[in-house]
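Structure record follows, encoded as structure tokens.
The values are calculated or read from the model by the stated rules, or taken from the named source; none is laboratory data. Remember, it's a predicted structure, so these values are computed and weren't measured experimentally. Using ideal geometry, Cβ is built from the backbone for each residue, glycine included, and neighbour counts are taken over all protein chains shown.
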Amino acid sequence: MEDDHAGAVADVAVSSLCPGQKHWAVARSFSKTLGPDLRVAVLSGDQETISRVEGRQLIGMRWVSHVLQQLTVALLTQTGIKKHLAAAGRTYSHRRLALIDALAPF
């Protein structure tokens, strides 16, 4: 299970830390990019893993609000939000490269 909480603003290609696994799942949360109270994520993975997660969500109060899901889609499809996410991605990329350069002598 990999948590890609900064994926929408990471400005790097998606890559797995554990490629070639039979069972896998990647969660991309939007709480850090669109708002902490959003608590919505997209999950992708192999069929068995996804089925197990869906089964667990059916028990108790683990369902995700449809209002929050629709809000997330609305935000992610707005041109203004896309521009802000792209700008944040460029900023994080610049900072990441500056950190790499600063750590190079070590």
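Key figures for this structure:
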item	result
Selection status of residue 5, modelled with pLDDT under 85, part of a loop (DSSP other than H, G, I, E, B) and not basic (Lys, Arg)	yes
Selected residue (criterion: nearest to residue 26 (Cα to Cα)) from residues of the range 50-106 that are in a helix (DSSP H, G or I) and among the basic types (Lys, Arg)	52
Residue satisfying all of: in the range 27-44; touching a residue at least 40 places away in the same chain (Cβ under 8 Å) and of a type outside the set (Phe, Trp, Tyr); farthest from residue 6 (Cα to Cα) among these	34
Of residues in the range 11-49 being in a helix (DSSP H, G or I) and at pLDDT below 85, the one farthest from residue 84 (Cα to Cα)	31
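So that you can scan it fast, the table gives a plain yes or no per residue for (1) without any contact (Cβ under 8 Å) to a residue 40 or more places away in the chain; (2) closer than 16 Å to residue 34 by Cα:
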residue	(1), (2)
57	yes, no
68	yes, yes
73	yes, yes
76	no, yes
80	yes, yes
84	yes, yes
88	no, yes
92	no, yes
100	yes, no
